[in-house]
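Undergrad: Below are the structure tokens for one structure; questions will follow.
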Amino acid sequence: MNKISESTILIIDDDDLICQTLYDIFQEKGYKVTIANDGTEAIERVKQMAFDLTFIDILLPDVDGITLLKQFKKDYPESSYIIITGNATLKTAISALEDGADRYFIKPLPVDKIIDIAQEIIENQHLRERLRESEERYRLISENANDLISIVDNKWKFQYCNEAFKRILGYDPNVLVGTSSFNLSHPDDRNECFRQFRKSFLNGSTKSEARLKCKDGSYKWVESIGKITYDEDMKFKHLIGISRDITNRK
């Protein structure tokens, strides 16, 4: 699917030449472009559809561009904004960036640079959208899974536990977050769990069987597999674990 063809740009400026120039450039590259010549028209446009990127001139006939930026940033925080102006000062530039503008350009506009920056902003926005969608799919799968799914940090503390912890072990997942994962291990199994955890640092993964303590004091046997995730410096970040109740097999 062509993401550019799905991308939308709004140009807010009372200068017809600038509007038409940007319109022609981005339209030719496959973007869906809309023009508004003042703040009132722009507000109506954004009510009708969502825009990935909005260009806002600071000096508009009916409203200050920074004021419009603040309103849009509040109402449509997922969109990106580029401020353009012919009367630049350091104060207005700082104000625009502090109020949520992604970039700030001075007229006459450096067209080639604006194209590159706009494409970069929109690509990053689509990347964030895909990441959010991926996280949401993972959350839905995780929360409805029959197996225990957890994430622990390098201090063995839970960073995440799915709803199966409540169904299988009786614990509220939110209560477990921040506590040591070894607290749930049977005392006789802790040395082996610790050994497997340390082993995962070398192998990048682990597999084990152990007993986990239920909230009522009983224990359940689980078969667990774990996978290490690393940060950009290839240092340990998380251990993602999936554990299946195998009590009936014991």
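Just so it is clear, none of the values below were taken in a lab; they were calculated from the coordinates. None of these values were measured; they are calculated from a predicted model. Ideal geometry is used to build each Cβ from the backbone, glycine not excepted, and the neighbour counts take in all protein chains shown.
Undergrad: Relative contact order for segment 145-249 using alpha-carbon pairs under 8 Å, separation at least 6, rounded to a whole percent?
TA: 27
Undergrad: Continuing with the same structure: Compute the acute angle (0 to 90°) between the alpha-carbon long axis of helix 65-75 and the principal axis of greatest extent of the alpha-carbon atoms of the chain; round to the nearest 10°.
TA: 30
Undergrad: Straight-line reach from residue 74: which lysines have Cα under 25 Å away, leaving out those fewer than 8 places along the same chain?
TA: Candidates past the 8-residue exclusion: 32, 47, 91.
Undergrad: In which sequence would 123, 136 go, from the one with the fewest C-beta neighbours within 10 Å to the one with the most?
TA: Exposure proxy ranking, most exposed first: 136, 123.
Undergrad: May I ask you to list the lysines whose Cα is less than 18 Å away from that of residue 113, ignoring any residue fewer than eight positions away on the same chain?
TA: Cα-Cα hits under 18 Å: 29.
Undergrad: Which entries in 166/235; 70/237; 155/220; 155/215; 73/107 show an alpha-carbon gap greater than 29 Å?
TA: Going by Cα-Cα distance, 166/235; 70/237 fall outside the 29 Å limit.
Undergrad: Still on this structure: Using r as the Cβ-Cβ distance of residue 21 and residue 120, and R0 as 22 Å, what FRET efficiency do you calculate, to the nearest 0.05?
TA: E(calc), rounded to 0.05, equals 0.65.
Undergrad: Another question, if that's okay. Using 7 Å Cα-to-Cβ label points, what is the residue 127/residue 109 separation (nm, one decimal)?
TA: According to this spin-label approximation, the distance is 2.4 nm.
Undergrad: Please compute the contact order of the chain in relative form: average sequence separation of alpha-carbon pairs under 8 Å and at least six residues apart, divided by the residue count, as a percent.
TA: Normalised by residue count, the contact order of the chain is 11 percent.
Undergrad: How do 41, 120 rank when sorted from fewest to most other Cβ atoms within 10 Å of their own Cβ? Intermediate results must be reported in sequence, preceding the final value.
TA: Numbers: 41 16, 120 12.
Ranking 41, 120 by Cβ neighbours within 10 Å, fewest first, gives 120, 41.
Undergrad: Using only helices, what value at 222 nm comes out for the chain when you add -39,500 (n - 2.57) per DSSP H run of length 4 or more and divide by the total residues, to the nearest 500 deg cm²/dmol?
TA: -12000 deg cm²/dmol
Undergrad: What is the spin-label model distance, in nm, from residue 137 to residue 99 if the labels are put 7 Å beyond Cα along the C-beta direction?
TA: About 3.9 nm separates the two model spin labels.
Undergrad: Could you tell me the calculated FRET efficiency between residue 163 and residue 29, based on Cβ-Cβ distance and R0 = 41 angstrom, to the nearest 0.05?
TA: In this case the efficiency is close to 0.35.
Undergrad: How far is the Cα center of segment 45-103 from the Cα center of segment 164-193, in Å?
TA: That distance is 49 Å.
Undergrad: Taking the Cβ of residue 91 as the centre, find all other residues whose Cβ is under 15 Å away and add up their charges (Lys, Arg: +1; Asp, Glu: -1).
TA: Residues near residue 91 contribute -3 overall.
Undergrad: Please get the size of the charge dipole for the chain, origin at its Cα centre, with Cβ charges of +1 on Lys and Arg and -1 on Asp and Glu, quoted in debye to the nearest 20.
TA: With Lys and Arg at +1 and Asp and Glu at -1, about 2240 debye.
Undergrad: Can you give the extra length, in nm with one decimal, that the chain gains between residue 50 and residue 232 once fully stretched, where that is 0.36 nm per residue apart less the Cα-Cα distance?
TA: 62.2 nm
Undergrad: Taking a spot 7 Å from the Cα of residue 190 along the direction of its beta carbon, which residues of segment 136-177 have an amide N less than 13 Å from it?
TA: none
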